[in-house]
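The values are calculated or read from the model by the stated rules, or taken from the named source; none is laboratory data. Here the structure is a predicted model, which is why all the values come from computation and not from measurement. Cβ placement follows ideal geometry from the backbone for every residue including glycine, while neighbour counts extend to all protein chains displayed.
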Amino acid sequence: MSIAFFLLIALLVATPAAPFISYIFVQHALYLVAAIMLASVAIAASPADIIAAATLRRFAWAALFPIVWMMIQIVPLPIASLTSPIWPTAAVALNDSTLASRISIDPGSTLRSLTWYLAVLSLIISTILIARDRERAETLLLTLTGAATFIALESLADQIEFLATAVPDIGQSNSHSFAMAAVIAALGNSATIAMAIERHSNRAGAVLPLSTPVLLRMSLGITGIVVSLASFAALGQGMLLGLTGLGFAIMLFVLTVRRLGFRPWPSAILAAVLIAMAAVATVPLARSTPFVDLLGFVRSDDQASLAVARRAMSDTSWTGSGVGTFTRVARIYQDYGVGSAVAAPSTAVLVAIEWGRVAMPILAGFTLQLFLFALRGAVGRGRDSFFASATAAIVVVALCDSFTDASMLNPTAEIMLAAVIGLGLAQSTGRTSSI
């Protein structure tokens, strides 16, 4: 287990360098690290670890759905109404009647997306087994929060002219590379402050004044929150700043519920109120357009991207064009003479195009399941609730943010979110049998 823990910490420490290196390198590095980590935890797992992991079988459908759906998109299908019309056209053009029809217009890209998903899933599973130990969970939270804060600090450096000129790579980075990391930094630093206060209360019985180490931890946490909020302002991410406020409200809500002594099951009812709060925060973003028009939620000034996405969505079937194929789809719908590649305006729009419109509510439902589980875990645990409450807050903010921009498509954000989810799931169980 120590090997996997060391690799996980090293991976998180290296994430601030990800915006400066090739995506291909990040991708292959995760493949290698995730494989070694999964093998290591599988060998070192104790019977107690296996029993604890078995309690998470409720998420089996959530984990398997992307795998099954991408496999269906890749394999040849005999039902023509399900497949992309590009394949019969290609068969005629190539005079090859044996060319099999598939849902994905680029099976190779979909297969690469499946491989990436398996690597991220392996990272989540490994993190769950690693973070069951409290000390490792604390180290993981501090490392994850520190890395996210450093990335948020990089976004501030990007706005300082002489730094952006001195370090060209910073100036070339996309703002979406930093947005979700700043969310993790803000909410993660809140969790570290809560951890410092709780540790002090447990040791001193809330009688002794705050010690210097505790004050230092709290000061660093507050500084991290300020840096994160400043990065939102520097990047013009006002909407994400508001959603992060929703995350703070969720963590405060958990603290209040615990103080009032609510049990996990009643807290599930109160969770419905939080979901309604998230809906209230998100639905007005639609600019008076129907909910099915996902582009109404997008906050982007890139008119070319919005135009391409609207054309693609109007032609997208319920089965999608294939996961990982947006770049090729965009080339079909781009205006003539536009040479630059067009990025997806939001994560939800990309999912609707690549996965199909039916996939978005399914994936959102699985995300809400994760949110409710982490929330109940935060309320039900005897202590260390800050792990699960931070995860619940980050998950719901990420879900809302997926409708407004494409920050979750950044590989660095996906790696950090995987670690957050694994940490939250690991620390949502084990203190009460009712969870």
### Query
List the pairs whose first member sits in region 99-118 and is free of Cβ contacts under 8 Å to residues at least 60 places away in the same chain and more than 17 Å from Thr412 (Cα to Cα), whose second member is hydroxyl-bearing (Ser, Thr, Tyr) and in a loop (DSSP other than H, G, I, E, B), and whose Cβ atoms are under 8 Å apart, counting only residues at least 6 apart or on separate chains?
Ser101/Thr83; Ser101/Ser84
#### Entry: Cβ pairs under 7 Å, 6+ apart, first in region 66-81 and closer than 14 Å to Gly320 by Cα, second in a helix (DSSP H, G or I) and of a type in the set (Phe, Trp, Tyr)
Pro66/Tyr117
### Query
Does Leu260 satisfy being at pLDDT 85 or above, surrounded by fewer than 18 Cβ atoms within 10 Å (Cβ to Cβ) and under 21 Å from Phe387 (Cβ atoms)?
no
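Restricting attention to region 198-232, and to residues there that are at pLDDT below 85 and of a type in the set (A, V, I, L, M, F, W, C), which single residue is surrounded by the most Cβ atoms within 10 Å (Cβ to Cβ)?
Here the residue is Val214.
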### Query
Is at least one residue of region 299-320 in contact with an Asp or Glu (Cβ under 6 Å, 6 or more places away or on another chain) and within 23 Å of Trp116 (Cβ to Cβ)?
yes
### Task
State all residues of region 296-310 that are surrounded by 21 or more Cβ atoms within 10 Å (Cβ to Cβ) and either at pLDDT below 75 or under 20 Å from Gly238 (Cα atoms) (or both); if no residue qualifies, say none.
Phe297, Val298
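Report the residue count in region 83-110 for those that are assigned to a helix (DSSP H, G or I) and at pLDDT 80 or above.
Residues of region 83-110 assigned to a helix (DSSP H, G or I): 86-94, 107-110.
Among the residues that remain, those that are also at pLDDT 80 or above are: 86, 107-110.
Going through region 83-110 one residue at a time, the tally reaches 5.
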### Index of the failed condition, Gly365 passing every other in (1) surrounded by 24 or more Cβ atoms within 10 Å (Cβ to Cβ); (2) without any contact (Cβ under 8 Å) to a residue 12 or more places away in the chain
(1)
### Message
When you scan region 19-38, do you find a residue that is in a helix (DSSP H, G or I) and touching a Lys or Arg at 6+ places or on another chain (Cβ under 7 Å), even just one?
### Response
no
### Query
When both residues are 6+ apart or on different chains and their Cβ atoms are under 8 Å apart, which pairs have a first residue that lies in region 219-235 and is touching a residue at least 24 places away in the same chain (Cβ under 8 Å), and a second that is acidic (Asp, Glu) and in a helix (DSSP H, G or I)?
Ala234/Asp158
### Message
So, in region 318-357, exactly how many residues are small (Gly, Ala, Ser) and surrounded by 21 or more Cβ atoms within 10 Å (Cβ to Cβ)?
### Response
10
### Summary
Scanning region 117-155 for residues that are surrounded by 21 or more Cβ atoms within 10 Å (Cβ to Cβ) and in contact with a Pro (Cβ under 7 Å, 6 or more places away or on another chain), the one nearest to Phe178 (Cα to Cα) turns out to be Ile151
### Message
Can you go through Arg381, Arg376, Arg328 and tell me which one is of a type in the set (D, E, K, R) and touching a helix residue (DSSP H, G or I) at 6+ places or on another chain (Cβ under 6 Å)?
### Response
Arg376
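To keep it simple, each residue is scored yes or no on (1) surrounded by fewer than 16 Cβ atoms within 10 Å (Cβ to Cβ); (2) polar (S, T, N, Q); (3) in contact with a helix residue (DSSP H, G or I) (Cβ under 7 Å, 6 or more places away or on another chain).
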residue: Leu11; (1), (2), (3): no, no, yes
residue: His28; (1), (2), (3): yes, no, no
residue: Ala34; (1), (2), (3): no, no, yes
residue: Ala52; (1), (2), (3): no, no, no
residue: Gln73; (1), (2), (3): no, yes, yes
residue: Ile79; (1), (2), (3): yes, no, no
### Task
Identify the single condition in (1) under 22 Å from Trp87 (Cα atoms); (2) in contact (Cβ under 8 Å) with a residue 12 or more places away in the chain that Ser314 does not satisfy, given that it satisfies every other one.
(2)
### Message
Could you check region 368-410 and list, in sequence order, the residues that are of a type in the set (Val, Ile, Thr), under 11 Å from the mean Cα position of the chain (by Cα) and farther than 20 Å from Ala131 by Cβ?
### Response
Val396, Val397
